[in-house]
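The values are calculated or read from the model by the stated rules, or taken from the named source; none is laboratory data. It should be emphasised that the depicted structure is a prediction, and the values quoted were computed from it without experimental measurement. Neighbour counts run over all protein chains shown; Cβ positions are idealised from the backbone, glycine included. Side chains are part of the model used for accessible areas, which takes the heavy atoms of the whole protein and leaves out ligands, DNA and RNA. Shrake-Rupley method; radii C 1.70, N 1.55, O 1.52, S 1.80 Å.
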Amino acid sequence: MTDTLDRAPAPEEQAPRPGPVSRLLGHQLLWPVVAIVVMLVIDVIAVPSFLDLRVQDGHLYGNPVDIVRNSAPVMLVALGMTLVIATRGIDLSVGAVAAIAAAVACTRIVESADEGAASAAILACTTALAACVLLGVWNGFLVSVVGIQPIIATLVLMVAGRGLAMLVTDGQITTPSNDAFSGLATGFVLGLPIAFLIALGMVVLTAVLTRRTALGMLIEAVGINPDASRLAGVRARTITWTVYVFAAVCAGMAGLIIAANTNSVNANSLGLWIELDAILAVVIGGTALTGGRFSLAGTVVGALLISTLVRTIPSIGIPSEANYLFKAFVVILVCLLQSPRARAALRVRGRRAASSKAVAA
Amino acid sequence: MSATTVPNPTTWDRVRTYSPASRYLPVVATFALFIGMFGFGGISYQGFFDWQVFLSLLLDNSFLIVLAVGMTFVILSGGIDLSVGSVVALSTMIAAKTMEMGWSPYLSMATVLLVGTLLGTLMGVLVHYLDIEPFIATLAGLFLARGLTYLISKNSIPITDETFVELAFASITLPGGYYTTWTVVIALATVVVAAYVLARTRFGRTVYAVGGNEASAMLMGLRVAVVKVGVYAISGFCAALGGLLFALYTLSGYSLHAVGMELDAIAAVVIGGTLLTGGRGFVVGSLLGVLVLGTIQTFISFDGTLNSWWTRIAIGVLLLVFVVVQRLMTRRQS
Amino acid sequence: MTHTQERGVTELPNDRRPVVEMRDVSIAFGNVQALDRVSMRLLPGEIHALMGENGAGKSTLIKALTGVYSIDTGRIVVGGEEHEFATPAAAQAAGISTVYQEVNLVPNLTVAENMLLGREPRRFGGINMGAMNRRARATLERLGLDINPGSLLGHHPIAVQQLVAIARAVDVDARVVILDEPTSSLDAEEVQKLFDVMRRLREHGVAVLFVSHFLDQVYEIADRMTILRNGRLVEERMVAETSQLELVRLMIGRELEVLDRLDRDHGRAAPNSATPVLTAVGLGRKGSLEATDLTLFEGEVVGIAGLLGSGRTELARLLFGADTADHGGLEVRSTRRRLRSPRHAIDRKIAFSSEDRKAEGVIGDLTVADNMLLALQASRGWLRPIPSATRAKLVREYIQALDIRPTDPNALMRNLSGGNQQKVLLARWLITEPDVLILDEPTRGIDIGAKAQIQTMVADLAAKGMSVLFISAELEEVLRLSHRVVVMRDRRKIRELANEDVSVGDLLEIIAGETRQTELEGPA
């Protein structure tokens, strides 16, 4: 055993509580929110009518509505990803899972006796989500029971998943015609898009589940220190397993919304790279990839930021496909802001602590 | 304690004691798998047992071989590179666009290789100096390369440069009436060079050391920084080279080329017996891994009844088997 | 206090100049002074022991010398030149090599590569494998080691890996070899092999800096020693001129006297309960603990004395189900139980505080309150959160009872000092109201005040009927608190004795397994 020095608390951490202004300035969501506002301002400068809302048939239309509606799939996937990442995991298979869910739902609808009936859509979606539960159980099994690193374990389904989706659709681009189903993406309730309401509903449900029960605390404990959690009697395995199932269900819902939006499923391209967008949203929201403390609000903001970005790019005259370029810069920027080493490089005094930590690690 | 007398080792002693077989076991397993699959194909399908089938296997997968070589470096060092598929697309696009603009094909190819290497170096810097997780840093690379590709052109650009097309179609006749192309030669040469670098150079051995235990490698005074940035630079270079081979194969530049090819490359490396956690594996294994993937595809094209998606499922299953076996092996050791 | 510390320095022979001289080196981490004007000299051709308790600053001093930490003030002179090494590589280049307890080599390369990587013989730009293996073999032979240079390092036991690490250091033509607790996981035979190699190094004029917890080993091998306490230099001594008792006093110093005041406050008379709470019957696990019998009675403190690696921690982990036993069994209140995980143990009202506070106890990014309530919450399950009123009450109660600072329940755990973290972890277990409390080194590396509080608390808990299994490397502490003492060695229980007129010396004798000089009797 080497004698370990207990690092003393840094003086500023014992300082009295900061005032409201400095609390706001120090809040982790400040910069993402500022970024969204800045983008919206740029949009308004480029297209003065950008923020205009119209009411048509009792529904809201306009760019802001599109932004929140289009953020729904990423928000859902990112929601599940947040909990997975909080347990020190990662789920690369969510895009494939989304494709499988969409494939199952669309195929079931097309095959049902009455293709247009709402009951067919409900049954199909339920079947699809049940399939997602199975896929989540599979991922969770590999991670928590077999003990394979999450990135590797979920890679298996990421590779095979689209093949499975094509197996379901028989390689065809399946196009169901079912109003109830397409309503998932295009419908409105109380003037708001259903897709967004679903995502928001899931966020609220998750928030209640994690913060009103002890689940959130236990997830964070497992993510911060798995060994200590196990010794404190936390059922780390069950918790880890559960979050992978949850992530798969969230991904499945996202897949359904995407398929409903286009009324079709292409197993090869549906939800392509959505895992990356989701991880990006989580990271923007301030949940560290190293696990531990997570922020659901942050994830919501992250998803909205991505959606705003995607909408902003064409509005200022750049081809919309270039959004990948911007995402790349966002990834790097966010990581730089979060990287202890990059931050330490900015502070001279912090240098030693960082370098010694790097060696000790 | 009396000093044990060690007799001067004979050559036989060295042959006998050097490198226990367990290190090669995964590669041997992959080789056996490949032979078995090829043999099975030969029994099941008419005309499968032809050297030309094997040569086509190399030809159709030459770019993947090169990608897998670069990926092997990265994975051996304990990292991962998600950007290679996008870099392939970017490379085909740069090649097509510059040649369309009338650049010399050589200048164009040199540019491609330079851009790929630079992108890789950039990711390596993010990983090592800024402590960003490899998969996030290369995710940025994935987005960046794909975004640049779209920025150059949304549509497919055909490559019509005469020299380039000539190179694409030039075939090398082998004894026995078989033929192959330069892409295969380049791919195999890459494997040979990489194998030498990994086995016999200080850089290569340091790659293994970093993958085995980075903190130790640092304390041993090895040049960890050079290696960690270097492997991503190599992977970027290989992705660019693979992109050129892909351009030779498809004679076009397109922003939707090579979507998900990074997964194939990773799968090939893992199936080739390289430990995803780093430190163990061989380039030859990755070559065999690619051949196994290619054989699955060949099966499916020989067997009219199977659909193409079975390829992905089969790759997934193989990946699973190797990953689980690796896990059980490392668990037993620790 | 601006004067330099010059006390307690041994005479140097005229013909030997120090190869390393560290003068008045200070290092602070935040507001903790890890090293306070410490000086140390290493002579060529000597084995120099660096002595001190956990937290004395040994590791920090070594890391300062080898370029892992940079120093705030002071000088490091190596071979007559002043140096400050920025990296381990720079220190190595100056001839200072370090062999750590957790061998810092790479297991997936061969022995020869591990010895020579970074400076392998090359031919035509590539590594000349034949020449490399020959050179490695020659170096190994020089040290009297019969290890196949072509074999993978990871296939060898830790002891051999450490010898290879030393061989690597020797091959660099090291002038100084630092051995940081190399013996803690070696068996007696392996230790002798290591000592052989160390003696050969000494013959070759190398300065060997040896860090070990085992006093016997120091007395067997070392020539001189530097003793640190709480980040300060206590004294530099010739080993032959210092008795073990004196050494222990120098290492522990004032603390002993302070704690002595606690002594005798709590009677050590055996509790009158005869209700067995936890019984181990032939409990064991291959490779870590031989079959062990042990009974804990209600209201009793049982101390475990033994060195690192004696099986003391292994026993605790088996009793708690942190590791699973492969033979023997457990009885909880006379009922046979199988503990497959900590979870089962907690359900049976057993609690365990690990010796590795940082890795196995503290959840750094959660608040003090969450850390305290973790075990209780885990046993209730996530669906039944502890009502916030109960939460607040429990947390307030324990912060007060254990005198935890800061008193803010929402402070992040990682910002607390070691002693306060330890108290929070104790609170975590006390909140679950256990029948059996297993404490593995609960007072290690924490300040003296917290130490005294924890000791008092253990005695109080036992008085209220809890059974406590108390493990500590500090024999005085074990004796002070325990009703019964179990002595462990070589992964098994070798003696169990009632704590009546037992002295530290008696315990040392039993641990050492042989009779020693009478001067080893504990401090009167």
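Roughly how large is the A-B contact in terms of buried accessible area, totalled over both chains, probe 1.4 Å, nearest 100 Å²?
On the way: alone 19080 and 16930 Å², together 31910 Å².
Approximately 4100 Å², summed over both chains.
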For B:K154, the lysines lying under 23 Å Cα to Cα, once residues fewer than eight places off in the same chain are dropped, come out as A:K327, B:K97
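Past the 27 Å Cα-Cα mark, which pairs from C:K358/C:K464; C:K393/C:K464; C:K63/C:K358?
C:K358/C:K464
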Across C:99-109, the residue-averaged tally of Cβ atoms belonging to other chains within 10 Å stands at 6
What number, in percent, do you get for the relative contact order of chain B if the mean sequence gap of Cα pairs under 8 Å and at least 6 apart is divided by its residue count?
-> 33
Quick one: if you stick a label point 7 Å off each Cα along the C-beta vector at A:L192 and B:S22, how many nm between them?
-> 5.9
Collect residues whose amide H, placed 1.01 Å from N in the peptide plane, falls under 5 Å from the amide H of C:A49; neighbours closer than 5 in sequence don't count.
-> C:F210, C:D223, C:R224, C:M225, C:T226
Carbon and sulfur together cover what percent of the accessible area of the protein assembly as shown at a 1.4 Å probe radius?
-> 58
So how far, in whole Å, is the C-alpha centre of the stretch A:247-303 from the one of the stretch B:181-210?
-> 38
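Considering the convex hull of the alpha carbon atoms of the protein assembly as shown, report its projected area averaged over all viewing directions, in nm², one decimal.
About 53.3 nm², averaged over all directions.
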Mind jotting down a quarter of the surface of the convex hull over the alpha carbons of chain C, in square nanometres, one decimal?
-> 27.3
B:V28 - accessible surface, heavy atoms, 1.4 Å probe, Å² rounded to 10 | 80
DSSP H segments from chain B that extend 20 Å or more along their own axis, Cα-based, with Kyte-Doolittle mean of 1.0 or above | B:25-44, B:62-76, B:84-100, B:105-128, B:134-152, B:182-200, B:224-250, B:283-302
Excluding residues fewer than 8 places away in the same chain, name every one of the lysines whose C-alpha is closer than 20 Å to that of C:K493.
-> C:K286
Within 10 Å of each Cβ in peptide A:145-156, how many partner chain Cβ atoms are there on average? Round it to a whole number, please.
-> 5
Assigned charges on the beta-carbon of Lys, Arg, Asp, Glu; the protein assembly as shown dipole about Cα centre (debye) = 620
Just how much of B:D303 is accessible, in Å², when a 1.4 Å probe is used and the result is rounded to the nearest 10?
-> 30
What does the charge count near C:L366 come to, summing +1 for each Lys or Arg and -1 for each Asp or Glu among other residues with Cβ under 13 Å from its Cβ?
-> 0
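To the nearest 20 debye, what charge dipole does chain C have about its Cα centre, counting +1 at the Cβ of each Lys and Arg and -1 at the Cβ of each Asp and Glu?
Dipole size: approximately 1700 debye.
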For the residue pair C:E246 and C:L383, what label-to-label distance in nm results when each label sits 7 Å from Cα along the Cα-to-beta-carbon direction?
-> 6.9
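Rg/Rh for the stretch C:357-433: what does it come to with C-alpha atoms and Rh from Kirkwood?
With Rh from the inverse mean 1/r over Cα pairs, Rg/Rh is 0.93.
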What is the stretch B:188-325's relative contact order, in percent, from Cα pairs under 8 angstrom and six or more apart in sequence?
-> 21
Would you mind checking the tilt of helix A:63-86 against the longest principal axis of the Cα atoms of chain A, expressed as 0 to 90 degrees and rounded to 10?
-> 50
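Taking the Cβ of B:L263 as the center, what net charge do the other residues with Cβ under 14 Å away carry, scoring Lys and Arg +1 and Asp and Glu -1? The partial results should precede the final answer.
Numbers: positive: A:R162, B:R312; negative: A:E275, B:D81, B:E262, B:D264.
Charge balance near B:L263 sits at -2.
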In the neighborhood of A:G191, defined by Cβ-to-Cβ distances under 13 Å, what is the net charge if each Lys or Arg adds +1 and each Asp or Glu adds -1?
-> +1
How big a patch of accessible area, both sides summed and in Å² to the nearest 100, lies buried between B and C at a 1.4 Å probe?
-> 3000
Any idea of C:L250's accessible area? Nearest 10 Å², probe 1.4 Å.
-> 30
Considering the dipole of the protein assembly as shown built from charges on the beta carbon (Lys and Arg +1, Asp and Glu -1) around the Cα centre, which of A:L197, C:S39, B:L33 is farthest to its positive end?
-> A:L197
Cα-based helix-to-principal-axis angle, C:188-203 vs chain C, degrees rounded to 10 | 30
Scoring chain C by relative contact order with C-alpha pairs under 8 Å, at least six apart, yields a percentage of 14
Shielding by partners for C:143-153, please: the mean number of other protein chain Cβ atoms within 10 Å of each residue's Cβ.
-> 4
Send over a whole-number figure in Å² for the accessible area per residue of the protein assembly as shown, probe 1.4 Å.
-> 40
Helix A:274-284: inclination vs chain A longest Cα principal axis, degrees, rounded to 10, gives 40
Ordering B:Y129, B:Y106 by the accessible surface of their heavy atoms, 1.4 Å probe, largest first, yields B:Y106, B:Y129
Cα centroid distance between the stretch A:140-188 and the stretch C:350-391, in Å?
-> 37
Do me a favour and compute the ellipsoid semi-axes for chain B from its Cα gyration tensor, root of five times each eigenvalue, largest one first, whole Å.
-> 33, 27, 19
Using helices alone, what [θ] at 222 nm do you get for chain C, with -39,500 (n - 2.57) per DSSP H run of 4 or more residues, divided over all residues and rounded to the nearest 500?
-> -10000 deg cm²/dmol
Protection-proxy order for peptides B:155-165, A:117-127, each taking the mean of Cβ atoms within 10 Å per residue, highest first = A:117-127, B:155-165
Report the charge-dipole magnitude of the stretch C:20-257 in Debye, nearest 20, computed about the Cα centre from +1 at each Lys and Arg Cβ and -1 at each Asp and Glu Cβ.
-> 740
